[in-house]
Structures are given as C-alpha cells and as structure tokens.
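Undergrad: Dropping the structure in here first, questions after.
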Amino acid sequence: MTTPIIVILIVCAVAIIGFLMYYYNGKLVIIRTLSKIPQKTTSSLKTNELSKVSGKALHVEAPLIAPYSGRTCVFYQMKIQKKVSNGKSSHWKTIVSEEKFQAFFVDTNGDFVIIQPKDYPRNYICHLVTDKSQSSGTFNDSTPRFVALLKRYNIEPETYFGFNKTLRYEEGIIEIGERITVAGIAKWKSLSEPFLEYPYSKIATLESEGKQKLIITDLPEMLPNRNRR
C-alpha cells in the first residue's frame, strides 16, 4: 500500500471518529431527540404517549442546596477537577463528581406535571447548563468559599510546599422557578393523599418506559419561544 493511500485512510479514520464523537455528544443527542417530540400542555397529555412539557421547576419537598452557589434546587450536577501534568502534556482529572436530585413539579402555566427521576435503575438522561464555575492555580488563589467547598470534600487547596493546586469546579443546577424541558411517557396517576399545595386527586406525570428514558434539560434552546428569557 502506497504512502498517499495510507495518509488518506488515516485522515478518513480521524474524520469519522471526530464526526461520531460530535454526533453522539450527550447535549446534541438530547437536542435532536427533544426536537422530534411534540410539545404538550399538561391538559393535553394522553396516557402512554411520548410527550414533552416546558415550564417552571418547583419542589415537592424541601429543596436541595447546590454545593458551591448555595442556591435552592431540585437537581444539581457538580465536578471538581485537578490538572495533572505528565512530562510534556497535561490533562484534567476528575477527582469528585456528584449528582443529586429529587422528585419535582413542572408548572406549565398553573397546571402541574410531576417528574420522578431515579438512580437504581437509572431512568433518565440529563443535560444541565454549567452556570457556576471556580478555579485556582499558581497565581490564582482560591476564594474562601472555594476553600470551604474543597475541604468539605477532603481536598487540600495547596501542595505540601504551600503552592496552590491547579483545580477547577463546575456546577449546573435546576433552580427553583427555572424554566426547563422534560420528556417522557405520559401517565395520569391517582393520588391517595394530595401533595402540599396540590389539592387534586389526579396528577399528570412523565415516566420512563422500556428503552425510553426521561429526558431532562434546562437548555434555553429547548424552550418554546414565548418562554425563553
């Protein structure tokens, strides 16, 4: 096989790998999938129909508190990474990754849909916009809040010799009152006991079923035009 052909094959292989990585990027998969699912109001949801709704996220119980920002939320994702050098190259190594959530309402103009993500088995896929970040490094001292967060996860902000470690933090949340989009299989459930501030005997829910998982995101581009802010 001649050298030009080998070069062409290598270039094609790299291009294909790059395309597949782009095409199957988690965010883009969610955007493509949600774009194909019909937008519904709560009252128009039909049992066993794949649907999506958009509205304000509201807590069912005492809300979660985001680790760094301290904001009240129903879902958060966070990670702490450390820059690791290896000879001439370096990369970011994730040393803490945490995701917490609870059941929550989606308020679609006064009508409620309840969403119940679960971990075992995992019944959802999710993409949250990173809206808080923090970092430290040789000439970038950690803020007191960042130091407190690091110590909470048993991470020392400095090396043995007193130099700042190169660290970074990212946080994405579904804040109380934030507009989000959720898709799943629609069901109507009877309530043996009404939820707090929800006096009705039935409530709509979106669920996972079979291979269809719940899809949860706060991507602004997934909101109907009238709800974007």
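Undergrad: Restricting to the range 169-193, and then to whatever is assigned to a strand (DSSP E or B) and more than 18 Å from the chain's Cα centre (by Cα), can you tell me which residue is nearest to Leu50 (Cα to Cα)?
TA: Restricting to residues being assigned to a strand (DSSP E or B) and more than 18 Å from the chain's Cα centre (by Cα), the top hit is Ile185.
Undergrad: Can you tell me how many residues within the range 106-127 are part of a strand (DSSP E or B) and within 17 Å of the chain's Cα centre (by Cα)?
TA: Applying the first criterion (part of a strand (DSSP E or B)) to the range 106-127 yields 106-108, 111-115, 119, 122, 124-127.
With within 17 Å of the chain's Cα centre (by Cα) added as a condition, the list becomes 106, 115, 119, 122, 124-127.
So the answer is 8.
Undergrad: If Thr47 passes every condition in (1) surrounded by fewer than 17 Cβ atoms within 10 Å (Cβ to Cβ); (2) farther than 17 Å from Thr205 by Cα; (3) among the β-branched types (Val, Ile, Thr) but one, which one does it miss?
TA: Answer for Thr47: the failing condition is (2).
Undergrad: Is one or more of the residues making up the range 136-143 surrounded by fewer than 16 Cβ atoms within 10 Å (Cβ to Cβ) and either in contact with a helix residue (DSSP H, G or I) (Cβ under 7 Å, 6 or more places away or on another chain) or within 23 Å of Glu221 (Cα to Cα) (or both)? Walk me through how you get there before you give the answer.
TA: Kept after step one, since they are surrounded by fewer than 16 Cβ atoms within 10 Å (Cβ to Cβ), are these residues of the range 136-143: 137-141, 143.
Among the residues that remain, those that are also either in contact with a helix residue (DSSP H, G or I) (Cβ under 7 Å, 6 or more places away or on another chain) or within 23 Å of Glu221 (Cα to Cα) (or both) are: none.
Checked the range 136-143: no residue is surrounded by fewer than 16 Cβ atoms within 10 Å (Cβ to Cβ) and either in contact with a helix residue (DSSP H, G or I) (Cβ under 7 Å, 6 or more places away or on another chain) or within 23 Å of Glu221 (Cα to Cα) (or both).
Undergrad: Only one of (1) at pLDDT 90 or above; (2) over 27 Å from Lys165 (Cα atoms); (3) not basic (Lys, Arg) fails for Tyr120. Which number is that?
TA: Failed condition: (1).
Undergrad: Do any residues in the range 139-152 that are farther than 16 Å from Ala66 by Cα have Cβ atoms under 8 Å from those of residues that are hydrophobic (A, V, I, L, M, F, W, C), where the two are at least six apart or on different chains, and which pairs are they?
TA: If the second residue must be hydrophobic (A, V, I, L, M, F, W, C), the pairs left are Ser142/Leu150; Ser142/Leu167.
Undergrad: Something else: Hey, could you check the range 60-105 for residues that are of a type in the set (Gly, Ala, Ser) and not in a strand (DSSP E or B) and say which is surrounded by the fewest Cβ atoms within 10 Å (Cβ to Cβ)?
TA: Among those residues, the one meeting the criterion is Gly87.
Undergrad: If you scan the range 106-125, which residues turn out to be buried (at least 17 other Cβ atoms within 10 Å of the Cβ), of a type in the set (Phe, Trp, Tyr) and either touching a helix residue (DSSP H, G or I) at 6+ places or on another chain (Cβ under 8 Å) or free of Cβ contacts under 8 Å to residues at least 24 places away in the same chain (or both)?
TA: Residue satisfying the conditions is Phe112 alone.
Undergrad: Can I ask one more? Only one of these is touching a Leu at 6+ places or on another chain (Cβ under 8 Å) and either crowded, with 20+ Cβ neighbours inside 10 Å or at pLDDT 90 or above (or both): Leu214, Leu219, Leu128, Leu149. Name it.
TA: After applying the criteria, what remains is Leu214.
Undergrad: Just the residues that are touching a strand residue (DSSP E or B) at 6+ places or on another chain (Cβ under 8 Å) and touching a residue at least 24 places away in the same chain (Cβ under 8 Å), please, taken from the range 31-48.
TA: If the condition is that a residue be touching a strand residue (DSSP E or B) at 6+ places or on another chain (Cβ under 8 Å) and touching a residue at least 24 places away in the same chain (Cβ under 8 Å), then Thr33, Leu34, Ile37, Gln39, Lys40, Thr41, Thr42, Ser43, Leu45, Lys46, Thr47, Asn48 are the ones that fit.
The values are calculated or read from the model by the stated rules, or taken from the named source; none is laboratory data. The shown structure was predicted, so the numbers you read here are calculated from the model rather than taken from an experiment. No Cβ is skipped: glycine too gets one built from the backbone with ideal geometry, and neighbour counts run over all protein chains shown.
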